[in-house]
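Okay, so here's the structure we're looking at.
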Amino acid sequence: MTPAEFRARALDLIDLITHYYERTIHTAPVTPPTKPGDIFHALPASAPESPDPFSAVLDDLRSIILPGITHWQAPNFYGYFPSNATFPSVLGDMLSTSLGVHGMLWATSPAATELETRVMDWLAQAVGLPEKFLSTAPHDRRGGGVIQSTASDCTLVAMCAARSRVQRALGHAVPADRLTAYCSQQAHSSVTRAAMIAGIGRDNMRQIPTDDRWRMRPEALREQLARDIADGYTPFFCCATLGTTSTGAFDPVAEIADVLDDVHASSGAAPLDPATPWLHIDAAWAGAALICPELRAFAGGLDRVDSFNFNPHKWLLTTFDCSAFWTADRKSLIEALSITPEYLRNTASDAGAVIDYRDWQVPLGRRFRALKLWFVMRHYGLVAMRDHIRSHVAWTADLAREISSDDRFDLAAHSLALVCFRLRAGDDATRALLEKLNGSGRALMTHTVVPHRGSPAYLIRWAIGSPQTTQAHIRETWQLIRQLAT
Ligand SMILES: *Cc1c(COP(=O)(O)O)cnc(C)c1O
């Protein structure tokens, strides 16, 4: 494909994309009626030997692929969490793909590294993170931000850094099966998966009970830590969640930090000793809300944590993938993940003058993801980014009032732009309501099961957060739910 052909085909594709945004996401059922195997069997069993014209590919895209798409960008997509794909971020991603550079080392594309360091400092300031997370922080261990693919990756690298730090502090290797890690029973499954991948094991990932608002109970953490220390384990890592996936609960970070310090001090070491368990914050979804100063109350205590993560690719206008990770202790991270074969050696790295982001992540190769974040922050500016979050939070508050005022419904949870509710008639009725709603194609919501009023309850999750959604969409969808409930 020559550059001239590329321009022509790209314009065809842009036409298709704009039609998708102008028409399809507003008219097509949010969930396709596809059955398992439909798409697979509609495709030829082997690749073409000779070229297909690009127009034929686009025809198949329209007739086979798009009908099997779940429309995550539809205004009435309220499932899971939002996954904002805005045009500025799409353009940034297109540019990244087109440049085709790898930013694994500073030397493999200096601008890829330095733009990332700069926009991650911008973003840290925009969401009000403590100064120790900035790349410029005058701190002995030095902080800094890096873009990872997903929150799951962030938890894993934080855990690897924690493991490295505890081994260094103790001066000897601890067998992985003697290390214990902590999160709440409501933490995302990726936290336990990180323990499985890092060799800590599922059983050594202690899942601490939660209170009646699904927050980690600091006293239960304290008891579990004491038991583990008495049994000869070395606690090394704790993940607190700000905005749990099921119900948007906020673990009490400052109290958790107190418990970690106390337990550590009573075992004979000083607080802030490098062997204090590493405290990581998973704010994958809710972290975006910190861009609004008036919404920061849930995030007290961040000056006490070692690493922090949220996903701009959820609710902050940036197309997947873009997961923002900061640490205040880059040394432990790099120590955990760095290894330099001869073919990657270069003078800038050897002089220690630059950041090599390959040492901050699991894979070697890395896309130039900072471009899309830079495009987003410059295109919108922080004021409009705050308005995006604020309007969703305000509409959700209105919606929560509506749900509470219909006595057939029980509003079980309301956090930022997430509500979880059920029919008082019970789980079966609630499940049937969700099936009818999703079956209508007019909206998509998902569910969770959590302890509620003393027993496990099936809840419908309504997560608001698409830039396509207006308050009118929310009102219409609520009317639809009321009719279906009737
Ligand atoms: C969505 C979510 C994750 C997983 O995010 P990925 O980026 O897909 O790995 C982790 N934790 C929480 C709290 C989440 O909401």
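Residues of region 315-363 that are hydroxyl-bearing (Ser, Thr, Tyr) and open to solvent by 60 Å² or more (accessible area, probe 1.4 Å): THR340, TYR343, THR347. Where strands (runs of 3 or more DSSP E) sit wholly within region 394-486, those with at least 3 residues that are surrounded by fewer than 18 Cβ atoms within 10 Å (Cβ to Cβ) occupy 446-452. Residues in region 364-384 that are part of a loop (DSSP other than H, G, I, E, B) and open to solvent by 70 Å² or more (accessible area, probe 1.4 Å): LEU364, ARG367.
With respect to the conditions (1) without any contact (Cβ under 8 Å) to a residue 40 or more places away in the chain; (2) touching a Lys or Arg at 6+ places or on another chain (Cβ under 6 Å), PHE54 lacks only one, and its number is (1).
Looking at TRP122, TRP72, TRP106, just one residue is of a type in the set (A, V, I, L, M, F, W, C), open to solvent by 30 Å² or more (accessible area, probe 1.4 Å) and within 16 Å of the ligand (Cβ to nearest atom), and that residue is TRP72.
Picking from residues in region 179-204 that are open to solvent by 10 Å² or more (accessible area, probe 1.4 Å) and in contact with a strand residue (DSSP E or B) (Cβ under 7 Å, 6 or more places away or on another chain), the one that is farthest from the ligand (Cβ to nearest atom) is ASN204.
If you check every pair at least six apart or on different chains, which have Cβ atoms under 9 Å apart with a residue in region 353-374 that is more than 15 Å from ALA324 (Cα to Cα) and free of Cβ contacts under 8 Å to residues at least 12 places away in the same chain first and a residue that is open to solvent by less than 20 Å² (accessible area, probe 1.4 Å) and part of a loop (DSSP other than H, G, I, E, B) second? Pairs found: none.
GLU294 meets the conditions (1) within 17 Å of TRP106 (Cα to Cα); (2) free of Cβ contacts under 8 Å to residues at least 60 places away in the same chain in every case but one. The failed one is (1). The set of residues in region 208-230 that are under 20 Å from the mean Cα position of the chain (by Cα) and surrounded by fewer than 22 Cβ atoms within 10 Å (Cβ to Cβ) contains only ARG215.
Each row is one residue, and each column tells you yes or no for (1) more than 30 Å from ALA286 (Cα to Cα); (2) in contact with a strand residue (DSSP E or B) (Cβ under 7 Å, 6 or more places away or on another chain); (3) open to solvent by 80 Å² or more (accessible area, probe 1.4 Å).
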position	(1), (2), (3)
GLU5	yes, no, yes
ASP15	yes, no, yes
PRO36	yes, no, yes
PRO67	yes, no, no
PHE87	no, no, yes
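Can you tell me which residues in region 149-177 are open to solvent by 10 Å² or more (accessible area, probe 1.4 Å), within 16 Å of the ligand (Cβ to nearest atom) and β-branched (Val, Ile, Thr)? Correct list: THR150 only. Of the residues making up region 231-255, just one is more than 20 Å from SER189 (Cβ to Cβ), open to solvent by less than 10 Å² (accessible area, probe 1.4 Å) and away from the ligand (no atom under 15 Å from the Cβ), namely PHE236. When restricted to residues that are without any contact (Cβ under 8 Å) to a residue 12 or more places away in the chain and within 15 Å of the ligand (Cβ to nearest atom), region 297-339 contains 0. Among the residues of region 275-324, count how many are in a loop (DSSP other than H, G, I, E, B) and over 16 Å from the mean Cα position of the chain (by Cα). The number of residues fulfilling the criteria is 8. Summed over region 164-178, residues that are touching a strand residue (DSSP E or B) at 6+ places or on another chain (Cβ under 9 Å) and at pLDDT 90 or above total 3. Evaluate region 103-119: report whether one residue or more is closer than 24 Å to ARG296 by Cα, out of contact with any strand residue (DSSP E or B) (no Cβ under 8 Å at 6 or more places or on another chain) and not charged (D, E, K, R). Scanning region 103-119, I find at least one residue that is closer than 24 Å to ARG296 by Cα, out of contact with any strand residue (DSSP E or B) (no Cβ under 8 Å at 6 or more places or on another chain) and not charged (D, E, K, R), so the answer is yes.
The values are calculated or read from the model by the stated rules, or taken from the named source; none is laboratory data. Keep in mind the model is a prediction, meaning the values are calculated, not measured. All Cβ positions, glycine included, derive from the backbone under ideal geometry; neighbour counts span all protein chains shown. Side chains are part of the model used for accessible areas, which takes the heavy atoms of the whole protein and leaves out ligands, DNA and RNA. Shrake-Rupley method; radii C 1.70, N 1.55, O 1.52, S 1.80 Å.
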